[in-house]
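Asks: Quick one: structure below, then a few questions.
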Amino acid sequence: MSNNTLLNTTGPRHEQTFPVFNPLELEILRGFGKLVQFRDREPILKAGQKSRGLFVILDGHAAVQVKNIFGQVTPIAEYGPGGFIGETGNLSGRTALVDGHAEGETQALLIEPDRLRSLLIANAEIGERIMRALILRRVNLIEGATVGPTIIGPEDHHDVVRLQGFFRRNGHPFVSIDPSSDEDAAELLKRSQTQPTALPLVILADGTILENPTSEQIGSILGMMSEPSRNHYDVAVVGAGPSGLSTAVYAASEGLTVAVCDARSFGGQAGASARIENYFGFPTGISGFALTARAYSQAQKFGAEMMIPTEIKSLDCRRPQGYFVLKTAEGHDVRARSIVLASGAYYRRPDIAGLKDLEGRGVWYWASPIEANLCKDQDIYLVGGGNSAGQAVVYLASHARSVQMLVRGESLAASMSSYLIDRIQSAPNVTIHYNTEIDRLESDGSGLAGLSLVDRTTGRKRHANTRNLFLFIGADPATGWLAGCGVSLDQAGFVTTGASEISPASQELETSVHGVFAIGDVRSGSTKRVGAAIGEGAQVVAALHRFLSLQPASVA
């Protein structure tokens, strides 16, 4: 039997993905785990069931495999002494994605999630090897597209795209099958007598079939949404974009107990950026998803508790028993000694009749691989003149036949970085239409069918055929849920911070409510850049320490 191999896969990072610990390292690991024994063929983990932790093989062998919804089994990896079974889900004890069993009598070391996090911090060298392997394995599972919930429905169905986006933005592996091109899926639908109106289906590892589930339903079933594990936290962060994740990493690494809530996914708007080329330390660029996914794992490494997707409905600033209270849409209370508002902003929607009905049916606010695949060899239109729009144009131009860029002004220079302007102007299939905006959307009943465009200088209108429109026209602050808690907003709805007549002693990032801080895009006057958001996330931790050090002991 081979030892610690990913079957049918080779590559330069194979040894990093499947490291093997030597006897001395195994002795160190013993201090963080407990011995467990498995008989031949006995299950070690089962897809769909909560993960117990990391399994380090001490003696014997183990095999990991995945079984699809049609009963076909695909080997994933085999492990011998010194190897370990696990991926990033083990950091938080989420459900297993694969099946694993012993091959012969096998002895292993079980390192449970809390002890795993302690190990990652206590031993930097071993922790680095484990962390890198966990991340690489999760990437392999995502890219392999053979593991996770199975979506069955037409590739261009708006709810298929919605579910694919949900899984991708949360870094969760999934399988997507179009029954029009897959005979097995078509036969499954026929046998189950599924009506077209019930599509898409989502089939889970235990055989559960969900008809067009909401993101909240999926998140709850997969254990992504969780009740607070503590009675209270030192800090609760609302929003898991770059600023919120930065706060989570720095606060948790400095010993504060941290909860992070986000209604959609980690990464925020930055997570949708195909390539960020002006972020410090990444001269070749990095995708927004890759950057924020690393931060997401890093925050969990230090013990931050991620509750995603969890929508926060309100904030109670009366501080009963010394705690602020966040009310979730699921009816839970998240109590914390301090609050960090990092809720960012919502994509701005232009005032165009029928827009809402076409969202997800040809009108998009993201430019991820999912949307790009729908645009292959098509003529698409994009509205916007900022950096987000520029990054999207550059990315989509590599998939679409042509990208028609609509800009209200006469130039991009005032709103877009010069490197993006140069990249756009050099793209042979990108055309910029200045002083142009959308007058009307056209629908054929199933989705977007065309646009009516108007020249703002002449008033002349013209028709444009397209089935895909991308809107990147800025964002409005996500602050509606703060109504009634006393946090002051500016005229545009962004959170004001720093000293004011209402709160003359406030710290720079503190709001009008003592103990509530605001960072990132939601903060009035903030610089709308990923680097600035991450910097504020780190900066606010010092303010949190100052605030918490002056507070009396709270009553649990």
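Asks: Once you keep just the Cα pairs under 8 angstrom separated by 6 or more residues, what percentage relative contact order results for the chain?
Replies: This gives 11 percent for the chain.
Asks: In the range 350-423, what GluC sites (Glu not before Pro) fall in a loop by DSSP, with at most 16 other Cβ atoms inside 10 Å?
Replies: Hits after loop and neighbour filter: 410.
Asks: Please compute the modelled spin-label separation between residue 440 and residue 190, points set 7 Å along Cα→Cβ, answer in nm with one decimal.
Replies: Each label point is offset 7 Å from its Cα along the Cβ direction, giving 4.4 nm.
Asks: Along the Cα-to-Cβ line of residue 14, 7 Å from the Cα, sits a label point; which residues in the range 140-167 have backbone N less than 18 Å from it?
Replies: 140-141, 144
Asks: A further question on this structure: So what is the relative contact order for the range 254-411, in percent, with contacts set as C-alpha pairs under 8 Å and at least six apart?
Replies: 19
Asks: Something else now. Assuming 0.36 nm per residue, please report the length gained on full extension of the stretch residue 280 to residue 220 beyond their Cα-Cα distance.
Replies: Roughly 18.0 nm would be gained on extension.
Asks: Counting each DSSP H run of 4 or more residues in the chain as -39500 (n - 2.57), what helix-only mean residue ellipticity at 222 nm follows after dividing by all residues, to the nearest 500 deg cm²/dmol?
Replies: It lands at -8000 deg cm²/dmol.
Asks: In the range 189-266, which trypsin sites (Lys or Arg not before Pro) fall in coil by DSSP and have 15 or fewer other Cβ atoms within 10 Å? Could the numbers behind the result be given before it?
Replies: On the way: sites: 190, 191, 230, 264; in loops: 230, 264.
Filter output for the range 189-266: 230.
Asks: Taking the alpha-carbon centroid of each part, what is the distance from the range 506-555 to the range 296-357 in angstrom?
Replies: 15
Asks: Rounded to two decimals, what is Rg over Rh for the range 370-414 when you use alpha-carbon atoms and the Kirkwood radius?
Replies: Working: Rg = 10.8 Å, Rh = 10.8 Å.
Looking at the range 370-414, the ratio lands at 0.99.
Asks: If packing is taken as the mean number of other Cβ atoms within 10 Å per residue, what is the order of 34-44, 161-171, 96-106, 70-80, highest first?
Replies: Most protected by this proxy first, the peptides run 161-171, 96-106, 70-80, 34-44.
Asks: While we're looking at this one, here's another question. Once you have a ≥ b ≥ c as the square roots of the Cα gyration tensor eigenvalues for the range 204-304, tell me rounded if a/c is under 1.5, and otherwise prolate or oblate according to whether a/b is larger than b/c.
Replies: Judged from the Cα gyration tensor, the range 204-304 comes out oblate (a/c at least 1.5, b/c at or above a/b).
Asks: Continuing with the same structure: Once a ≥ b ≥ c are taken as the square roots of the eigenvalues of the Cα gyration tensor of the range 345-421, is the result rounded (a/c under 1.5), prolate (a/b larger than b/c) or oblate (a/b not larger than b/c)?
Replies: Oblate.
Asks: Determine the distance separating the Cα centre of the range 437-491 from the Cα centre of the range 208-274; give it in Å without decimals.
Replies: 28
Asks: If you don't mind, another one. At 25 °C and 0.890 mPa s, grab the translational diffusion coefficient of the range 172-227 from Stokes-Einstein with a Kirkwood Rh over Cα pairs, rounded to a whole number in µm² per second. Walk me through the intermediate numbers first.
Replies: On the way: Rh = 12.5 Å.
Answer, rounded: 196 µm²/s.
Asks: Another question, if that's okay. Could you check what % of the DSSP bridge pairs in the chain are antiparallel, to the nearest 5?
Replies: Values: 60 of 95 bridges.
For the chain, the DSSP antiparallel bridge percentage is about 65.
Asks: Follow-up question, since we're still on this one. Taking the Cβ of residue 401 as the centre, find all other residues whose Cβ is under 10 Å away and add up their charges (Lys, Arg: +1; Asp, Glu: -1).
Replies: -1
Asks: For the range 208-321, what does the relative contact order come out to in percent, with C-alpha contacts under 8 Å and a separation of six or more?
Replies: 31
Asks: Do any chymotrypsin sites (Phe, Trp or Tyr not before Pro) in the range 269-329 lie in a loop, going by DSSP, with at most 10 other beta-carbon atoms within 10 Å of their beta carbon, and if so which?
Replies: Here the sparse-neighbourhood loop sites are 280.
Asks: In addition: Averaged per residue, what accessible area in Å² does the chain show with a 1.4 Å probe, protein chains only?
Replies: Heavy-atom accessible area per residue stands at 45 Å².
Asks: Please pull out the direction-averaged projected area of the range 61-215, using the convex hull of its alpha-carbon atoms, in nm² to one decimal place.
Replies: Mean projected area of the Cα convex hull: 10.3 nm².
Asks: Taking amide H atoms as placed 1.01 Å from N in the peptide plane, list the residues 5 or more away in sequence, or in a different chain, whose amide H sits under 5 Å from that of residue 96.
Replies: The answer is 48, 49, 50, 51.
Asks: Quickly work out the residue 488-to-residue 230 label distance, labels modelled 7 Å from Cα along the C-beta direction, and quote it in nm with one decimal.
Replies: 3.1
The values are calculated or read from the model by the stated rules, or taken from the named source; none is laboratory data. Computed from a predicted structure; not experimentally measured. Counting neighbours? That spans all protein chains shown, and the Cβs are built from the backbone with ideal geometry, glycine included. Please note that ligands, DNA and RNA were not included when accessible areas were found on the heavy atoms of the full protein model with its side chains. Shrake-Rupley method; radii C 1.70, N 1.55, O 1.52, S 1.80 Å.
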